[in-house]
Structure formats: structure tokens, C-alpha cells
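Have a look at the structure below, then the notes.
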């Protein structure tokens with residue numbers, strides 16, 4: 001079975017699910033690029049990453065969160081830094097064999 005992914009590449013067999021997953025990820029990232037403000041608050045970032053605000057704060061402290069800046073005592077993430085970090089957290093799913 002052949003499938004053309006959304007970047008024009010051919011995918012076959014088990015790759016089809018991965019191509020479809022990558023397309024969904026690409027769509028989500030494009031939507032974020034079009035809708036997020038230039039500076040993303042920690043609360044808004046946590047909502048988009050489906051994390052608790054405290055989890056995102058902990059990742060900031062550990063140095064594993066997105067690049068951040070302090071504005072008026074509050075933490076913000078530059079939009080592109082947040083999207084780049086968020087994209088790195090996502091991995092396309094692979095199809096799993098069916099058990100009969």
C-alpha cells in the first residue's frame with residue numbers, strides 16, 4: 001500500500017501511520033504559529049502542552065522547558081521558542097501489530 005504524505009513524499013506499509021501522525025503534528029504546530037501571541041504566558045503554554053502549570057515551572061527550573069523571559073515578574077516564552085520546544089516533545093506514533 002502506497003500513501004503520499006502531505007509533504008509529497010511516498011510512504012509504504014508501516015510508514016503510513018507515521019506519515020499521518022506527522023501530518024497531524026505539523027497541522028497542530030502551524031495552528032500554534034497562527035494563533036499564539038508573540039509572548040506565551042506559562043499558564044497558556046501549559047494549557048497548549050497539556051501540562052500542569054507547576055510541571056512546566058519544574059521543567060523551567062530543571063532547564064528542560066522552553067526558553068523563557070521574565071516580564072514584570074511573570075514568566076513568558078517567546079512564541080517560536082515555545083513551539084520549537086513543544087515540537088521536540090511530540091513524536092509521531094507508529095502502527096502496532098494487531099493481536100488476534
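Taken together, the values in this text are just the output of simple stated rules run on the coordinates, not laboratory data. Predicted, not measured: the structure shown is a model, and the values here were computed from it. Positions of Cβ are backbone-derived with ideal geometry, glycine not excepted, and every protein chain shown enters the neighbour counts.
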### Task
Kindly provide the set of residues from region 34-76 that are part of a helix (DSSP H, G or I) and surrounded by fewer than 11 Cβ atoms within 10 Å (Cβ to Cβ), ordered by number.
34, 35, 54, 61, 62
### Query
Of all residues in region 69-79, how many are under 26 Å from residue 26 (Cβ atoms), out of contact with any helix residue (DSSP H, G or I) (no Cβ under 6 Å at 6 or more places or on another chain) and without any contact (Cβ under 8 Å) to a residue 40 or more places away in the chain?
1
